[in-house]
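Asker: Starting off with a structure, shown below.
The values are calculated or read from the model by the stated rules, or taken from the named source; none is laboratory data. The structure displayed is predicted, hence computed values, not measured ones. Don't worry about glycine lacking a Cβ; one is built from the backbone with ideal geometry, like all the others, and counts go over all protein chains shown. Quick note on the areas: whole protein, heavy atoms, side chains included, nothing else; ligands and nucleic acids left out. Shrake-Rupley method; radii C 1.70, N 1.55, O 1.52, S 1.80 Å.
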Amino acid sequence: MLALLLSCKAPLPQRLVEEFRGSYPVAAAPNGTVREFELVAAPAVLPLAGNPKLEVWAYDGQVPGPTLRVKLGETLRIRFVNHLPQPTTIHWHGVRVPNAMDGVPYATQPPVEPGQSFTYEFTPKDAGTYWYHPHVRGSEQQERGLYGLLIVDDPAPAPWSQDVAWVLDDWLLGQDGQIFPEFNTRHDLMHDGRWGNVVTVNGQVAPTLAARPGERIRLRLLDSANGRVFVPDWGSLAATIIALDGNYASRPVPAGGFEVAPGNRVDLDVRVPRQPGSYPIYDRFIAQRPNLLGTLVVAGEPVITPDFASPAAGRVLEWREALAAPVDREIHIDTRAGGPYGIQWAFDGQPYMNHADGHVMAPLATLIQGRFHHLRFVNDSYRLHPIHIHGMFFRLLARDGKPVDEPFFRDTVLLHRKESVDLGVVPEDVGLWMMHCHILEHAEVGMMALLRVNPGT
Ligand code: C2O
Ligand code: CU
């Protein structure tokens, strides 16, 4: 009774922190097993995007790169070797890693020069779908094919009949069928980044996924495109969202109409129909120009549908009052003239720059570990901006001031034209974390910033 009385009197941000406790683990729990990987980034020629000989840049000669897969509690040790003609780094998107492993040039490590190597080591704190990609000149390096999945399995995964990943991308190919070699064009920078003319799933145009009637599939989607947003249309298929950006939802969410923006991962529970046949899945982000993503082909002897509750977040965080907490920081997004390309994108009018001497720009905001923060992003422009924050998960609280009830955390949220979003976050990992637009062309011309998380008291 006394505790209740006290907690009612506690100030709102403190109550929100109390409610947050246990939403996801604060610290990693390494079990002592170290899984060693080697990743080599180098040019390659591969059959991709409809071209039998597409000249790409690849991790270990594959696009997407090899899927790094571990169980929760295992430690990854990845020896990365750069055989590209440019410096690079690897960022583990969505994974709450120690700051020094985050792969942000100058802020957390020097870039890995051609011929050099760097060893990344960390123990993921969460089971889910993550991915890795360069954090140097992403608009070129990722577009050329550098990205892959990092999947952290639950200690005892649910008995899906298949666990499948679909990495969504698009490629801008020139007349010669090769990757159009001009990056960061004025058009890309003024619009929503570089949108390609060939849409692929795992590098292939409209692949098929074979299943028997009655199967139950965990389908992991990643949008690895530079700028394209996808809205998969599941047609008559029963598909529900069970996790977003690596975090389990506290309850399943209908998948219809859900926007998958660059950087987002969406994990789906798909119940394969009993009726044999072909079930096409279209992207309908642009209603008049749908793209066939792939086709589920159902054939063969029926199986008994596995019956289990789809995995869900153990703790339901409602944060109903969070929107009422005072805004700690309101950040405006807009474009302006200037910089090496003539156009810049910026948070609060400050385009991000790396200095050759290695010093980084002052943080845009300072947050405190273990405290609740209410952030508001205001898009003053008419373009799309998927905002990604490193090193922490946040809850989307509102769009244009209207409360949004999403039963999951995110690491990336799409802002539409002239839209504002309110986010709630309790950062747990100390350090200098990057936040940026995941339209890589926007990031390249300044739409990046650092957030400092200082230790709490
Ligand atoms: Cu995919 Cu800095 O992020
Ligand atoms: Cu942007």
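Asker: Which order do peptides 424-434, 325-335 fall in by mean Cβ count within 10 Å, highest first?
Answerer: 424-434, 325-335
Asker: Is there a quick way to get the dipole size of region 258-395? I mean about its Cα centre, with the Cβ of Lys and Arg at +1 and of Asp and Glu at -1; what is the value in debye to the nearest 20?
Answerer: Around 140 debye, computed over region 258-395.
Asker: Could you tell me what percent of the accessible area of region 27-111 is made up of carbon and sulfur, with a 1.4 Å probe and every protein chain present?
Answerer: 57
Asker: In Å³ and rounded to a whole number, note down the convex hull volume per residue for the Cα atoms of region 116-178.
Answerer: With only Cα atoms used, region 116-178 gives 143 Å³ per residue.
Asker: Between ALA238 and LEU292, what's the calculated FRET efficiency when r is the beta-carbon distance and R0 is 25 Å? Round to 0.05.
Answerer: 0.80
Asker: Which percent, to the nearest 5, of DSSP beta bridges fully inside the chain are antiparallel?
Answerer: Just about 75 percent of them are antiparallel.
Asker: For region 154-205, give the magnitude of the charge dipole about the Cα centre (Cβ charges: +1 Lys/Arg, -1 Asp/Glu; no others), in debye to the nearest 20.
Answerer: Rounded to the nearest 20 debye, it is 100 debye.
Asker: Using unit Cβ charges (K, R positive; D, E negative) and no other charged atoms, how large, in debye to the nearest 20, is the dipole of region 81-228 about its Cα centre?
Answerer: Dipole of region 81-228, to the nearest 20 debye: 220 debye.
Asker: Also, quick follow-up: Find the accessible area per residue for region 80-129; the probe is 1.4 Å, ligands and nucleic acids are left out, and the unit is Å².
Answerer: Value returned for region 80-129: 29 Å² of accessible area per residue.
Asker: Still on this structure, I have one more. Starting from the Cα of ARG315, step 7 Å along the direction of its Cβ; do the same at ALA158; then give the gap between the two resulting points in nm.
Answerer: 2.1
Asker: Using the Kirkwood formula over every pair of different C-alpha atoms, what hydrodynamic radius in Å results for the chain?
Answerer: Every distinct Cα pair counted, the radius reaches 22.7 Å.
Asker: Among ALA325, VAL453, PRO280, pick out the residue whose Cα is farthest towards the positive end of the charge dipole of the chain, where Lys and Arg carry +1 and Asp and Glu carry -1 on C-beta, about the Cα centre.
Answerer: Projecting each Cα onto the dipole axis, the largest value belongs to ALA325.
Asker: Which value, in Å², gives the accessible area per residue of region 239-298 when a 1.4 Å probe is used on the protein heavy atoms?
Answerer: 38
Asker: Assuming R0 = 22 Å, what is the FRET efficiency of GLN86 and PHE180, from their Cβ-Cβ distance, to the nearest 0.05?
Answerer: 0.80
Asker: Given labels modelled 7 Å from the Cα in the Cβ direction, how far is it in nm from ALA206 to ASP307?
Answerer: In this crude label model, ALA206 to ASP307 measures out at 3.8 nm.
Asker: Which residue, chosen from ILE90, VAL56, ASN184, occupies the Cα position most advanced towards the positive end of the dipole of the chain, where the dipole is computed from +1 (Lys, Arg) and -1 (Asp, Glu) charges on Cβ about the Cα centre?
Answerer: Value computed over the given set: ILE90.
Asker: Restricting to region 40-95, what percent of DSSP beta bridges are antiparallel, rounded to 5?
Answerer: 80
Asker: How large is the accessible surface per residue of region 359-457, computed with a 1.4 Å probe and reported in Å² as a whole number?
Answerer: 29
Asker: Still on this structure, I have one more. Given the rule -39500 (n - 2.57) for each run of at least 4 DSSP H residues, summed and divided by the residues of the chain, what is its mean residue ellipticity at 222 nm, to the nearest 500 deg cm²/dmol?
Answerer: Helix contribution divided over all residues of the chain: -1500 deg cm²/dmol.
Asker: Choose one of PRO262, LEU146, ALA127: the residue whose Cα lies farthest towards the positive end of the charge dipole of the chain (beta-carbon charges +1 Lys, Arg; -1 Asp, Glu; about the Cα centre).
Answerer: Result: ALA127.
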